[in-house]
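Please treat every number below as a calculation from the coordinates, not as lab data. Since the model is a prediction, treat every value here as computed from it, not as a measurement. Neighbour counts are summed over all protein chains in view; Cβ atoms, including those assigned to glycine, are modelled from backbone coordinates with ideal geometry.
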Amino acid sequence: MGIERSFPPEHFRKRAEEMRAKADNCEDKGARAGLLRAAASYDQMAKNSELIHKAIRDKKRLDAAE
């Protein structure tokens, strides 16, 4: 687990959206491609964060049920 545990998925989704907006306004193809790769990485971090936070919630529910 890395940074995904520290931030909610929405944090990473917002960053991905920001990268895509910057890419849309970028004229340099290389920079545009880099921004889109960064957006894809943020999307993956959002997915990881969802899974981590779900597991944490599930564990808390199980612990509370005991």
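Compute the relative contact order of the chain as a whole-number percentage, counting only Cα pairs closer than 8 Å that sit 6 or more residues apart in sequence.
Worked out over the chain, it gives 44 percent.
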Relative exposure of E27, E17, E50, judged by other C-beta atoms within 10 Å (fewest first): E27, E17, E50
Solvent-free Debye scattering, log10 I(q)/I(0), computed from the Cα coordinates of region 3-65 at q = 0.16, 0.17, 0.22, 0.28 Å⁻¹: -0.56, -0.60, -0.80, -1.01
HN-Hα J in Hz across region 14-31 - Karplus 6.51, -1.76, 1.60, θ = phi - 60°, x for Gly and Pro: 5, 5, 4, 4, 4, 5, 5, 5, 5, 5, 4, 9, 8, 8, 6, 5, x, 5
